[in-house]
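Each remark here refers to the structure printed beneath this line.
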Amino acid sequence: MRQSMKKLWMLGGSAILAGCTATGYPGAQKTVEYPAVVQGSAPQHPRSQKLSQAVGKAVSDRQRVQGPKAAPTQTQPTSNVPAVASSKMLPSTLEHHTQTREQQIQSPTSIQAVSHQTLKSGSEVDAPNNTLSGSARRPKLGVEAGRPASTQQKLTSAPSDNNSETPEILQTGADPEKLVPLPAAPDENETEADTQYVNALPMHLATALAMVGGQNPEIGLARWRVQEAYAELEQAEVLWLPSIQAGFSYHRHDGNYQASDGDIVDVNRSSLQYGFGAGATGAGTTPIPGLVARFHMADAIFQPQIAQKTAWAQGHAANVVQNQQLLEVALAYLNLLEAEQDLAVLNQSKARTQELAKLTADFAATGQGLQADADRMATELTLVESRISEVRELSDIAASRLAQELSVDASRRIIPVEPSVIPITLVPLEHSKGSLISSGLAHRPELKEAQALVAAACDQYQRQKYSPFVPSVLLGLSDSGFGGGLGTEIDNVNNRVDFDAIVTWEIRNLCFGERAQRRAACAQIEQAKYEKIRLLDQVAQEVVEAYSQVVHRSERIEITRKAIPTAMDAFERDLGRIRDGQGLPIEVLQSIRALENAERSYLNSVIEYNSAQFQLQWALGWPVTAPSSAPTLQPVSAE
């Protein structure tokens with residue numbers, strides 16, 4: 001196992017080293033411009049643009065699985081707030097919000113040859129090599145409340161009608177015929193939601209990922225650090241060029257003065273110099289030349305290389321922040337979606353509990369049941385309302401955290417437009433751990449940053465090594481007017497030209513200082529190397545951990561999915577038995593609890609599976625690609 005891990009590290013290291021050449025190293029471009037950041041707008045990063053299109057395509061494919069179900073009519077809503085977890089979200093609302101957001105952040109039309117188009121409900125967004133087509137609304141899939149749907153669809157290899165391309169790494173999460181959607185919010189809650197969230201901000205997952213950009217302070221800070229690093233590179237490249245100094249100086253001396261022959265004389269004198277150079281007095285040279293170049297040859301040779309590697313490292317560090325922010329936004333959105341869907345589950349459980357409580361009270365009033373059972377059902381209904389209140393709190397907190405991650409107005413309540421939760425597979429389980437680790441070692445920007453820092457440390461060592469053998473240079477040229485005289489008189493003002501060239505070699509501290517500097521530079525190289533090795537171990541561990549989570553949580557989805565139909569059947573049978581006069585209503589309480597637990601368990605398993613998928617995608621470095629052909633969905637019978 002240890003040998004195989006070493007081979008994987010060598011494979012990933014070779015991929016990194018292959019990119020370290022002067023022409024092909026990622027981030028090696030000298031010119032790095034973020035004009036929209038300077039102007040205060042929020043450009044989309046190409047990775048977030050492609051990822052949002054990939055996620056949107058996966059969700060769009062899921063939406064078309066049901067097949068012949070007609071899409072709702074697009075009518076103008078009376079309120080800009082959809083019901084929580086409802087399928088009645090109108091595309092015009094999301095489109096209006098998207099256009100408003102574009103005006104606020106003033107996004108540029110393109111960044112690094114990637115088309116910047118906002119994802120709109122019911123619209124198509126085209127980008128190089130892939131196309132996103134879908135709606136903000138999603139029809140329910142698979143099994144509705146434990147009952148099989150009338151029609152299903154399956155994946156085939158035939159070309160699609162719209163020729164849309166699906167990224168190769170995107171596969172549908174589970175068998176569409178086995179999907180069990182979570183219940184949508186009851187219609188009676190729409191008015192309450194509209195009243196509560198007057199200034200709502202409808203959003204889906206693809207939109208949230210597409211909004212990750214320069215408006216986030218952490219990403220903006222990282223990008224400006226890149227700008228600073230490249231500015232320092234430009235400074236290092238012109239280190240040997242002279243500087244221009246212009247000005248004037250006035251000198252006045254009264255009292256004793258020692259002449260060049262050693263005699264002490266009493267003299268009062270004044271002198272004036274102006275032009276390119278200043279500070280000259282008497283017969284000495286101009287101390288502040290008009291044109292001066294002062295540098296160490298070792299710095300002129302090696303400092304540009306050091307600054308270049310450092311700028312590369314800062315560029316990869318900015319990608320690290322970008323990747324981390326994509327992950328944080330995805331997880332924050334999933335947390336919000338889980339809370340909203342959990343609220344829908346509890347609302348349906350509350351409706352069932354209310355119905356059962358009414359039956360129990362009627363039985364107790366007619367003497368066919370016990371009053372204690374009616375009180376117990378009233379207590380159970382109160383506990384359900386308490387759970388609903390807790391979930392509403394979690395939903396509000398999750399919405400505020402998502403707003404923070406997206407750097408949007410926190411006073412606007414973000415409402416997820418997905419009516420149900422479905423598994424989204426970004427990385428298929430067919431890949432082996434070894435291939436995934438290799439992909440992570442090749443794509444993670446942390447490793448590329450570490451490699452650049454190793455290269456910068458090596459260049460710093462070369463600078464210290466050759467420093468004693470190359471000189472320091474001082475070149476000065478002055479062309480100015482100069483004059484002076486006794487007392488305060490300034491006479492004989494005329495042109496003056498001075499030229500100085502000084503070249504010196506320095507061996508610091510009798511060679512002991514040179515040795516110390518080399519040892520320090522060598523220690524920095526070793527530290528950078530061990531940091532890279534630590535990151536190699538960390539990346540491999542993160543890939544393996546996320547892959548294991550995806551595998552086991554996929555199994556949990558299948559397990560919890562089976563519990564919903566059986567729990568629903570048990571509830572309906574018990575309720576029908578009570579209505580037929582067989583038994584007491586309190587006997588149905590256990591079935592209601594089982595159905596609620598089954599639905600919440602399925603919700604939790606799907607959310608955790610999607611979170612693990614995003615965690616694995618992050619561990620791999622977000623390698624979003626698009627093949628030349630894509631599978632197509634064809635409707636088939638549910639039977």
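Observations
- For residue 468, net neighbour charge (Lys/Arg +1, Asp/Glu -1) across residues whose Cβ lies under 12 Å away: +3
- Taking a sphere under 11 Å around the Cβ of residue 482 and counting the other residues whose Cβ falls inside, with K and R at +1 and D and E at -1, yields a net charge of -1.
- Cβ-defined net charge surrounding residue 348, 9 Å radius [Lys, Arg +1; Asp, Glu -1]: 0
- Each of the peptides 612-620, 409-417, 499-507 was scored by the mean count of other Cβ atoms within 10 Å over its residues; in descending order, highest first, they stand as 612-620, 409-417, 499-507.
- Shown in residue order for segment 421-437 are the 3J(HN,Hα) couplings computed by the Karplus curve 6.51 cos²θ - 1.76 cosθ + 1.60 at θ = phi - 60°: 9, 10, x, 10, 9, 8, 10, x, 7, 5, 5, 7, 4, x, 5, 5, 5 Hz (x for Gly and Pro).
- Segment 325-441, accessible surface, carbon-and-sulfur percent (1.4 angstrom probe): 51 percent
- Here's how it looks for residue 415: its modeled amide H is under 5 Å from those of 201, 203, which are all 5 or more places away or on a different chain.
- Checking every one of the GluC sites (Glu not before Pro) in segment 202-245 against DSSP loop status and a limit of 16 other Cβ atoms within 10 Å picks out no site at all.
- Segment 496-605 - percent of accessible surface contributed by carbon and sulfur, probe 1.4 Å: 54 percent
- If you take the Cα centroid of segment 435-449 and the Cα centroid of segment 342-394, the two points sit 53 Å apart.
- Of 309/532; 350/562; 309/433; 433/562; 358/562, pairs whose Cα-Cα distance is over 20 Å: 350/562; 309/433; 433/562; 358/562
- Once both labels are positioned 7 Å from their Cα atoms along Cα-to-Cβ, the gap between residue 218 and residue 379 label points is 4.6 nm.
- Averaged over its residues, segment 407-519 has an accessible area of 49 Å² per residue, based on protein heavy atoms and a 1.4 Å probe.
- Estimated vicinal HN-Hα couplings, Hz - segment 412-417 in sequence order (Karplus 6.51, -1.76, 1.60; Gly, Pro = x): 8, 7, 6, 10, x, 8
The values are calculated or read from the model by the stated rules, or taken from the named source; none is laboratory data. In this text, all values refer to a predicted model and were calculated from it rather than measured experimentally. Every residue, glycine among them, receives a Cβ derived from its backbone with ideal geometry; neighbour counts consider all protein chains shown. The protein model used for the area step is the full one, side chains on, heavy atoms only, and it has no ligands, DNA or RNA in it. Shrake-Rupley method; radii C 1.70, N 1.55, O 1.52, S 1.80 Å.
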